[in-house]
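Trainee: Okay, handing you the structure first.
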Amino acid sequence: MSNNRLLRRPEVEARTGLARSTLYRMMDEGMFPRPVRIGRRAVAWSEEAIERWIAQRPIAEPADPHIPVPSTA
């Protein structure tokens, strides 16, 4: 199934966990997909490109159970 939806920046930020400035810096560095122009002052990202980028990210190692987690209380 092809994901041809176009995602606006707030949704891309929510899906990736990245801030706007980080998205644009990573695009400049060639590390993040570029958006397509959908209007005079509007851009969007291909959902397929974003999903592919997320799938290529390394998986974080689980936290070491022997290291205490600081209390929030």
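Trainee: Expressed in nm to one decimal, what extension gain is obtained for the pair ARG15 and GLU51 from 0.36 nm per residue of sequence separation less their Cα-Cα distance?
Mentor: 12.1 nm
Trainee: Given an 8 Å cut-off on Cα distances and at least 6 residues of separation, report the relative contact order of the range 15-69 as a percent.
Mentor: 21 percent
Trainee: Here is a follow-up. So who's got an amide H within less than 5 Å of the one on VAL43, skipping anything under 5 residues away but keeping other chains? H placed 1.01 Å off N, in plane.
Mentor: Close amide H contacts, sequence-distant or interchain: ILE38.
Just so you know, all these numbers are worked out from the coordinates, no wet-lab data involved. As the structure is a prediction and not an experimental result, all values here were calculated from the model.
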